[in-house]
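The values are calculated or read from the model by the stated rules, or taken from the named source; none is laboratory data. The model shown is predicted, which means the values in this text are computed figures rather than measured ones. For neighbour counting, all protein chains shown are included, and Cβ atoms are generated from backbone atoms with ideal geometry for every residue, glycine included. Just the protein is used for accessible areas: all its heavy atoms, side chains included, with ligands, DNA and RNA removed. Shrake-Rupley method; radii C 1.70, N 1.55, O 1.52, S 1.80 Å.
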Amino acid sequence: MTLNRSILVVASVENTFDDWAELAAGLKAHVGDEPASFRLIVPATSSARGREGASGHLSDGLAGLQESGLAADGCVGDSDPMIAVQQAWDPSLYDEIVISTLPSGPSKWLHPA
């Protein structure tokens, strides 16, 4: 019996349509033929213009993942990506975490505060 992998995905709000497609392709390659479900967390960072802006990015991300055939749901997380992960992470629910950011130049997550 193959168990369904449950993966927490944390993604930047700066992602575009092409980024969501690339993320979906990467997730599909990561799990291969194994059954998996994904929980997408989009932090409500200042670049998202708060929770409302992050909600739009979340909708775009979920549409991109689901259009690629991935079982995905999601929510908006805290404005601090680290806190968003801490609040969402439950080892009894998720097998792993995937962090999706932009390259280190444009990504604000990868710069020290």
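Which cross-chain or sequence-distant (5 or more) residues have an amide H under 5 Å from the amide H of Leu40, H modelled 1.01 Å from N in plane?
Under 5 Å from the amide H of Leu40: Val9, Asp73, Gly74, Cys75.
What distance in nm separates the two pseudo spin-label positions at Asp33 and Ala21, each 7 Å out from Cα along the beta-carbon direction?
Reported label-point gap for Asp33 and Ala21 is 2.7 nm.
At 0.36 nm per residue, and after removing the present C-alpha to C-alpha distance, how many nm does the segment from Ala71 to Ser59 gain when stretched out fully?
Stretched fully, the Ala71-Ser59 segment lengthens by 2.9 nm.
Order the following by accessible area, largest value first: Glu67, Glu34. Probe radius 1.4 Å; ligands, DNA and RNA are ignored.
The most accessible residue leads, giving Glu67, Glu34.
Within 14 Å, Cβ to Cβ, of His30, how many net charges do the neighbouring residues add up to if Lys/Arg are +1 and Asp/Glu are -1?
Combined, the nearby Lys, Arg, Asp and Glu give -3.
Test of understanding: what is the full-extension gain from Ser6 to Asp95, defined as 0.36 nm times their sequence separation minus their Cα-Cα distance?
Between Ser6 and Asp95, full extension yields an extra 31.5 nm.
Step through the residues of segment 54-70 one at a time and calculate ³J(HN,Hα) from phi using the Karplus curve (6.51 cos²θ - 1.76 cosθ + 1.60, θ = phi - 60°), rounding each to whole Hz and writing x for Gly and Pro.
After applying 6.51 cos²θ - 1.76 cosθ + 1.60, I find 5, 4, x, 5, 4, 4, 4, x, 5, 4, x, 5, 5, 5, 8, x, 8 Hz.
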